[in-house]
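The values are calculated or read from the model by the stated rules, or taken from the named source; none is laboratory data. Only a predicted model underlies this, so the values are computations on that prediction, with no experimental measurement involved. Because the Cβ atoms are built from the backbone with ideal geometry, glycine has one as well, and the counts that use them run over all protein chains shown.
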Amino acid sequence: MSDERETQPTDAAEEARSADAVELHETAGETPDETKSAPEDRATAGPFDAAEVPAMRPYVDLGGIKVAPREGLQLRLEVDERANRVVAVSLEYAESLLQVQAFAAPKTTGLWHSVRSELTQQMASQGASAVEETGPLGPELLVQTPAPADQGGSRVARFIAVDGPRWMLRGVIMGKAAVDAGARERVIDLFREVVVVRGDQPMPPSELLPLRVPAGVQAQRPDAGAEAPGGTPTA
């Protein structure tokens, strides 16, 4: 596993930034589905809450998210230049890219159903298609965005999420795993190893859990050429 700070933008990274730039919110007049969306074995198979994993197990500590190291995994932190803060964790693995973010949520209700509904509407308004499918974690969205005219075709991203205790962990899958079931299984396993550290401090629902650069690693300066998601989703 390696950490990367200065990488050239790729089509997958550009797609991640485009997806994260969508601002989600409740649609006036509609009653959102506030039930939790999570696999039945979440507490034992992940994604995990910090209280559910042994303290001695090694992880890369990124604050609100901990990542289990594994061979072939490359980690990159996405930095918001304007706020000079880390806003997402990108994991390159199995010829794919998985971008993860964790958000505060109420104790007894979930966010993913309402966020998914709004995301579908927002994508449609931007000329992209969003088709809901059922995956190993529950409902997910397969989003196809038209590529630039000189490239043709479309870019594909798959949105997944799990509602945990007082948090929602969201992932955006790009690259091979977005369309290939075998590669996606490996990326889902990676997603399920993630640990969310919600903390005890009160936070409004949908607020991004703070991320930090691991000890001993210097953060990439905003002027070093890094580009980050233009926004974070809210319910």
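For segment 91-116, name all the residues that are surrounded by 21 or more Cβ atoms within 10 Å (Cβ to Cβ) and hydroxyl-bearing (Ser, Thr, Tyr). Within segment 91-116, Tyr93, Ser96, Ser114 qualify. Scanning segment 90-109 for residues that are modelled with pLDDT under 95 and of a type in the set (A, V, I, L, M, F, W, C) returns a single hit, Ala94.
Could you please give the count of residues in segment 16-64 that are in a loop (DSSP other than H, G, I, E, B), at pLDDT 75 or above and β-branched (Val, Ile, Thr)? Show your work before the answer.
Going through segment 16-64, the residues in a loop (DSSP other than H, G, I, E, B) turn out to be 21-41, 46-47, 53-59, 62, 64.
The next check asks that each one be at pLDDT 75 or above; those that pass are 33-41, 46-47, 53-59, 62, 64.
From the residues that got through so far, the ones that are β-branched (Val, Ile, Thr) too are 35, 53.
Selection size over segment 16-64: 2.
Determine whether segment 213-221 contains at least one residue that is at pLDDT below 95, in contact with a helix residue (DSSP H, G or I) (Cβ under 8 Å, 6 or more places away or on another chain), buried (at least 18 other Cβ atoms within 10 Å of the Cβ) and farther than 28 Å from Asp49 by Cβ. No, every residue in segment 213-221 fails to be at pLDDT below 95, in contact with a helix residue (DSSP H, G or I) (Cβ under 8 Å, 6 or more places away or on another chain), buried (at least 18 other Cβ atoms within 10 Å of the Cβ) and farther than 28 Å from Asp49 by Cβ. Restricting attention to segment 38-86, the residues being touching a helix residue (DSSP H, G or I) at 6+ places or on another chain (Cβ under 6 Å) and buried (at least 20 other Cβ atoms within 10 Å of the Cβ) number 2.
Taking segment 73-99 as the range and being in a loop (DSSP other than H, G, I, E, B) and under 27 Å from Gly138 (Cα atoms) as the test, the residues that pass are Leu73, Ala94, Glu95.
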